[in-house]
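Colleague: I'd like to ask some things about the structure below.
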Amino acid sequence: MVAVDPIRLADYKPWPFALPEIALDVDLRSDQVVVTSDLSLEPLSTNVPLILRGVELTLDGLAVDGEPLDPSTWIQEGDRLTVTGLPDRPFVLTTRCSIDPFNNTSLEGLYTSGGMLTTQCEAEGFRRITFHPDRPDVLSRWRVRIEADRHRYPVLLSNGNAVQSLELGSDRHAVLWEDPFPKPSYLFALVAGDLREIRDSFTTTSGRTVALRLHVEAGDEPFTAHAMESLKRSMQWDECTYNLEYDLDEYNIVAVRHFNMGAMENKSLNIFNSKLVLADAETATDGELERIESVIAHEYFHNWSGNRITCRDWFQLSLKEGLTVFRDQNFTADLHSAAVKRIDDVAMLRNTQFREDAGPTAHPVKPSEYQAIDNFYTTTIYEKGAELIRMLHTLLGSKRFMRGMATYVSRFDGTAATTEDFVQAIADGACANGETLGFDLEQFKRWYHQAGTPQLTVERSWEARSGRLTLHLRQQTPPTPEQPVKQPLVLPIAMALIGSTGRQGEERLLVFDQEEQVIEIGAVPGPQPPALSILRRFSAPVTLQMDMTLEETLQLLAADDDPFSRWEAGQRLSRQVLLARAAAEPDATVESALIHALRQSLVDMDVQQGSELAVLLSLPGMAELEACQEPVDPLALFDAMQSWRSVLGCELKSELHDLLEQCRSQWSQPWPKGQGARSLTGVAWSWLLAAGDAQTPAEALNAVSGPSMTLARAALRALQRHAGPEREEALRVFYDRWKDKPVILDAWFGLEASTPRSDGLKRVKDLLEHPRFDPLAPNALRAVLGGFMANVPLFHAIDGSGYTFIAEQIVDVDQRNPVTASRMVKVFSRWRSYALERQLVMQEAIQLLDVPALSSNTREVVVMLKA
Ligand code: BES
Ligand code: ZN
């Protein structure tokens, strides 16, 4: 495989021109699109060549100040257009090129989705539209004229304000857009299509009335209310929490069926994957409604954290993504349950980011080099990046952190900044009144550069006579690719002591920044040491190594006042139970203690605390369990989970039936109210079904045709492992009901593909040929192939058939959509953690990816896997 020269952070140089203004003319014709661009350029040093980027563009004209350029002064090589001999004063460079969006399957640049034309420019898609430096530190004011057939494309959208509409004869029209805020090219967007508009408005604190417009395909109008309400809640929250208002007179969101990602924050013209817009209680689950609310918020929050203050280069990606994830996490926490949100986020961090950090694609929140930037939209940049900001918040306290945020915004508004700029501004703002920081800022910044999940080891000694408790802390980060040696980090460790009736004394925040440290907690009199509640709220993204007796764990589970720590205690026991079962050595003591504790929770808590109770009952994810097993045996873990569910269903049968009885009365409460009861119903069904309970199959099957999508999907999921006739019947009922709604049908594709059937592989292959399967839609691909990769018995079949199948599919997808393909390859990243036999078949599958035509995106990941 050919090595490509990486892009290095250390090589950053500002662009040698200013580009204050851009006028773009986009002429949409029936077979191609002609893009004319006027770039107002100002050389910042003398005699430097102008280098612009362009991918798959046909250059039709090139002029400076209206004069066509002499061919000897420019050259087009690969994706670069180099122009020399330019004037030493401001000038206008005009390029005219044509592009073919109708045959662009990459979903980057300008492309078609259904009958509409739409764009995706982040990170480097603008170069597929016209010649441009296409780097985030070049900010310009944009004017965009769009001309098109008025019947085919009645709606023409771009960023900013529509300043003029023109009717051009009977068939064509044009709209002129102006965006007053300077922005980089990755935030440019254009949409043309026959779209229906849903209108609303929001008045900001300072009295600006903003027109809110959602644009969807005809027929989808009834499913937009939730997205619209979510947008208004987001606008409100950013005003109340950060004092940040929206800055334009209109805000547009377009729902697009063919979209690689979830959504994109283009200035005043967000583009969303339809599945993250179209939803109501009948068509979406509670989880999906919450997800939609948070993604709408996320993209809205980018207007400040990303758009008004953008990234100097793509190494700074976490500047906008980590911060915006942190903001959307807090938004959801404030609107719903902070405890449940934190638990969900930690579970996700451990199952995805910790796994990434432990494998061949591990990288820092701020990488020092990359080949394809698309491969770096990772859980490390996003979720670990958000954790770093959360640690700053924990270390500084809310008030000082918020002052830091205000300093960051005022200092960098209208510019392209770095993560160092951010951290410094937070510190400066926090200490504005002469306060001291309380930790070493330079050391804190190591978090951005050092990959890997630190391991925190805690040992305790307790002197019974004096009651003196001493903690011995150690931290150590395992080596990651290209970073064999690690430095100690600043770890904020929230801790408290828990007695039988709850917390004893105040919570403390330890700032642990050495490799090793001994901390005296003080005298804690009593006959035995109190239980130690440490890393409360998961105050630092580390793995904790601490001996804990069963009694102590149970004490935390029963009496800790931090819901996260209570959950964590339960998870600790669940992990023990499942790993022991997977090793065929069930631990009867822990099992009966855990059953007893869960029974107690079922009795003590009721459906009013449904969501809290449901997370307490949830089992750890596969990835998290795999991280504790060596070598990893996915089939044994899968069986352990199912056998444990069946034990829980038998042992807790009567409590679960009582619980269901309570839940039923809450089923019809609209989201978010009935959410807890519905999650609990899902848990109860899945345990009772696993235990062979007689009533449950019929009740679950019935829910599939009921009014709640949440219950229908919970039923389908619970029935998935139930090889009886109800499973097939449920899937059939669901298909018949939703076959005409592609967004919902994807859930059916996903369920079919993840059902562990003996003839599963053949059935998955049939799904790819299904008349309603759209191979050009990433949602559909993710449903079928993602569903299959989550189908443990099939994907991990020891004959390697699952691995081979996925490798072949990746090669196929890669030809049309490298971004989606290179994400899928990461499923093989943990191949080294399996037993030899499995390693060999997995390696054979990875070998199938070694085809000459593989995209550079996918190749980069494959090379990392093999290294
Ligand atoms: N800026 C991204 C979208 C994006 C990512 C565009 C990668 C191009 C390449 C957007 O703000 C985002 O982060 N979207 C997430 C959802 C979000 C809630 C974390 C996504 O699309 O998954
Ligand atoms: Zn984002």
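The values are calculated or read from the model by the stated rules, or taken from the named source; none is laboratory data. From a predicted model like this one, the values you see are computed outputs, not experimental measurements. Neighbour counts run over all protein chains shown; Cβ positions are idealised from the backbone, glycine included. Remember, those area values only see protein heavy atoms, side chains included, never the ligands or the DNA or RNA. Shrake-Rupley method; radii C 1.70, N 1.55, O 1.52, S 1.80 Å.
Colleague: Name the one entry in Arg537, Arg508, Arg503, Arg474 that is open to solvent by 80 Å² or more (accessible area, probe 1.4 Å), among the charged types (D, E, K, R), touching a strand residue (DSSP E or B) at 6+ places or on another chain (Cβ under 9 Å) and on the phi > 0 side of the Ramachandran plot. Break it down stepwise before answering.
Modeller: Working: Arg508 fails: on the phi > 0 side of the Ramachandran plot; Arg503 fails: on the phi > 0 side of the Ramachandran plot; Arg474 fails: on the phi > 0 side of the Ramachandran plot.
None of the others qualify; the one that does is Arg537.
Colleague: So, one more: Check every one of the helices (runs of 4 or more DSSP H) wholly within segment 257-349 and list those with 1 or more residues that are within 11 Å of ligand 2 (Cβ to nearest atom) and crowded, with 24+ Cβ neighbours inside 10 Å. Walk me through how you get there before you give the answer.
Modeller: Values: elements: 286-301, 317-335, 338-348.
Correct list: 286-301, 317-335.
Colleague: Here's another thing I want to ask about it. What's the number of the condition Leu441 fails, among (1) open to solvent by less than 60 Å² (accessible area, probe 1.4 Å); (2) touching a residue at least 24 places away in the same chain (Cβ under 8 Å)?
Modeller: (2)
Colleague: Could you tell me how many of the residues in segment 227-256 are away from ligand 2 (no atom under 16 Å from the Cβ), without any contact (Cβ under 8 Å) to a residue 60 or more places away in the chain and open to solvent by less than 30 Å² (accessible area, probe 1.4 Å)?
Modeller: 5
Colleague: Within segment 159-178, is even one residue within 30 Å of Arg53 (Cα to Cα), among the β-branched types (Val, Ile, Thr), open to solvent by 10 Å² or more (accessible area, probe 1.4 Å) and touching a strand residue (DSSP E or B) at 6+ places or on another chain (Cβ under 6 Å)?
Modeller: Within segment 159-178, one or more residues are within 30 Å of Arg53 (Cα to Cα), among the β-branched types (Val, Ile, Thr), open to solvent by 10 Å² or more (accessible area, probe 1.4 Å) and touching a strand residue (DSSP E or B) at 6+ places or on another chain (Cβ under 6 Å).
Colleague: While we're on this one: Within segment 87-136, can you find the residues that are in contact (Cβ under 8 Å) with a residue 60 or more places away in the chain, away from ligand 1 (no atom under 16 Å from the Cβ) and of a type in the set (Asp, Glu)?
Modeller: Within segment 87-136, Asp100 is the sole residue that qualifies.
Colleague: Considering only residues that are surrounded by fewer than 16 Cβ atoms within 10 Å (Cβ to Cβ) and not in a strand (DSSP E or B), which ones fall in segment 479-499? Please lay out each step first, then the result.
Modeller: Within segment 479-499, the first condition is being surrounded by fewer than 16 Cβ atoms within 10 Å (Cβ to Cβ), and the residues that meet it are 479, 481-482, 484-485, 487, 499.
Passing the criteria: Pro479, Pro481, Glu482, Pro484, Val485, Gln487.
Colleague: Ok, one more. Hey, Glu77 hits all of (1) open to solvent by less than 80 Å² (accessible area, probe 1.4 Å); (2) over 20 Å from Pro20 (Cα atoms) but one; which does it fall short on?
Modeller: With (1) open to solvent by less than 80 Å² (accessible area, probe 1.4 Å); (2) over 20 Å from Pro20 (Cα atoms) applied to Glu77, the lone miss is (1).
Colleague: Just name the residue that is surrounded by the fewest Cβ atoms within 10 Å (Cβ to Cβ) out of those in segment 424-438 that are touching a Leu at 6+ places or on another chain (Cβ under 7 Å) and in a helix (DSSP H, G or I). Reasoning before the result, please.
Modeller: So in segment 424-438, the residues touching a Leu at 6+ places or on another chain (Cβ under 7 Å) come out as 426-427, 430-431, 438.
Checking the rest, the ones that are also in a helix (DSSP H, G or I) come to 426-427, 430.
Details: Ile426: 27, Ala427: 19, Ala430: 24.
This residue is Ala427.
Colleague: I'd like to know if segment 633-647 contains one or more residues that are touching an Asp or Glu at 6+ places or on another chain (Cβ under 8 Å), closer than 20 Å to Ala559 by Cα and not basic (Lys, Arg).
Modeller: no
Colleague: Are any residues in segment 549-578 within 34 Å of the chain's Cα centre (by Cα), open to solvent by 40 Å² or more (accessible area, probe 1.4 Å) and not acidic (Asp, Glu), and if so, which ones?
Modeller: Leu554, Ala558, Pro563, Arg566, Arg572, Arg575, Gln576
Colleague: I've got another one for you. With the checklist (1) away from ligand 2 (no atom under 16 Å from the Cβ); (2) crowded, with 23+ Cβ neighbours inside 10 Å in hand, flag the one item Gly219 doesn't pass.
Modeller: (2)
Colleague: Give Ala406, Ala416, Ala430, Ala425 a once-over and let me know the one that is in contact (Cβ under 8 Å) with a residue 12 or more places away in the chain, more than 30 Å from Leu625 (Cβ to Cβ) and within 16 Å of ligand 1 (Cβ to nearest atom). Don't jump to the end; show me each part of the working.
Modeller: Details: Ala406 fails: within 16 Å of ligand 1 (Cβ to nearest atom); Ala430 fails: within 16 Å of ligand 1 (Cβ to nearest atom); Ala425 fails: within 16 Å of ligand 1 (Cβ to nearest atom).
Step by step, each of Ala406, Ala416, Ala430, Ala425 is checked, and only Ala416 is in contact (Cβ under 8 Å) with a residue 12 or more places away in the chain, more than 30 Å from Leu625 (Cβ to Cβ) and within 16 Å of ligand 1 (Cβ to nearest atom).
Colleague: In addition: Look at segment 712-733 and say how many of its residues are open to solvent by less than 50 Å² (accessible area, probe 1.4 Å), closer than 15 Å to Ser754 by Cα and part of a helix (DSSP H, G or I).
Modeller: Selection size over segment 712-733: 10.
Colleague: Still on this model: One residue is enough: does segment 204-225 have a residue meeting the conditions in a helix (DSSP H, G or I), within 16 Å of ligand 1 (Cβ to nearest atom) and over 25 Å from Met402 (Cβ atoms)?
Modeller: So in segment 204-225, the residues in a helix (DSSP H, G or I) come out as 221-223, 225.
Then drop every residue that is not within 16 Å of ligand 1 (Cβ to nearest atom), which leaves none.
No.
Colleague: Looking at the structure I just gave you, is Leu625 open to solvent by less than 30 Å² (accessible area, probe 1.4 Å) and touching a residue at least 40 places away in the same chain (Cβ under 8 Å)? Steps first, answer last, please.
Modeller: Values: open to solvent by less than 30 Å² (accessible area, probe 1.4 Å): yes; touching a residue at least 40 places away in the same chain (Cβ under 8 Å): yes.
Taking the combined requirement at face value, the residue satisfies it.
Colleague: Here are some conditions: (1) within 16 Å of ligand 2 (Cβ to nearest atom); (2) surrounded by fewer than 19 Cβ atoms within 10 Å (Cβ to Cβ). Met402 meets all but one. Which one does it not meet?
Modeller: (1)
Colleague: Given the conditions (1) open to solvent by 40 Å² or more (accessible area, probe 1.4 Å); (2) among the polar types (S, T, N, Q); (3) touching a Cys at 6+ places or on another chain (Cβ under 7 Å), report the number of the one that Thr130 does not fulfil.
Modeller: Single failed check for Thr130: (1).
Colleague: Sticking with this one: Which residues, counting only those in segment 198-248, are more than 21 Å from Val409 (Cα to Cα) and among the charged types (D, E, K, R)?
Modeller: Arg199, Asp200, Arg213, Glu217, Asp220, Glu221, Glu229, Lys232, Arg233, listed by residue number.
Colleague: Right, something else. Could you grab me the full set of residues in segment 92-123 that are surrounded by fewer than 23 Cβ atoms within 10 Å (Cβ to Cβ) and within 16 Å of ligand 2 (Cβ to nearest atom)?
Modeller: Ala123 - this is the single residue of segment 92-123 that is surrounded by fewer than 23 Cβ atoms within 10 Å (Cβ to Cβ) and within 16 Å of ligand 2 (Cβ to nearest atom).
Colleague: Which fully enclosed helices (runs of 4 or more DSSP H) of segment 791-867 have 1 or more residues being closer than 30 Å to Glu369 by Cβ? I'd like the intermediate steps shown before the answer.
Modeller: Values: elements: 792-795, 801-816, 818-825, 836-847, 856-866.
Here the list reads 801-816, 818-825, 836-847, 856-866.
Colleague: Starting from segment 570-586, take each residue that is among the hydrophobic types (A, V, I, L, M, F, W, C) and list its partners that are at pLDDT 95 or above and open to solvent by 40 Å² or more (accessible area, probe 1.4 Å), counting only C-beta distances under 6 angstrom and pairs at least six apart or across chains.
Modeller: From residues that are among the hydrophobic types (A, V, I, L, M, F, W, C), the pairs are Leu579/Cys628; Ala580/Pro586; Ala580/Asp587.
Rundown of residues vs (1) more than 10 Å from ligand 1 (Cβ to nearest atom); (2) within 15 Å of Phe422 (Cβ to Cβ), yes/no style:
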{"residue": "His258", "(1), (2)": "yes, no"}
{"residue": "Glu265", "(1), (2)": "no, no"}
{"residue": "Ala279", "(1), (2)": "yes, no"}
{"residue": "Arg291", "(1), (2)": "no, no"}
{"residue": "Ser294", "(1), (2)": "no, no"}
{"residue": "Gln316", "(1), (2)": "yes, yes"}
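Colleague: Determine which single condition Ser206 fails, assuming it passes every other condition in (1) open to solvent by less than 20 Å² (accessible area, probe 1.4 Å); (2) more than 16 Å from ligand 2 (Cβ to nearest atom); (3) of a type in the set (Ser, Thr, Tyr).
Modeller: It fails just one condition, (1).
Colleague: Ok, one more. Which one is nearest to Trp831 (Cα to Cα) among residues in segment 310-333 that are charged (D, E, K, R) and in contact with a helix residue (DSSP H, G or I) (Cβ under 7 Å, 6 or more places away or on another chain)? Show your work before the answer.
Modeller: Step one: filter segment 310-333 for residues charged (D, E, K, R), giving 312-313, 320-321, 327-328.
Within this subset, residues satisfying the condition of being in contact with a helix residue (DSSP H, G or I) (Cβ under 7 Å, 6 or more places away or on another chain) are 321, 327-328.
Numbers: Glu321: 29, Arg327: 35, Asp328: 34 Å.
Step by step, filter segment 310-333, then rank; the result is Glu321.
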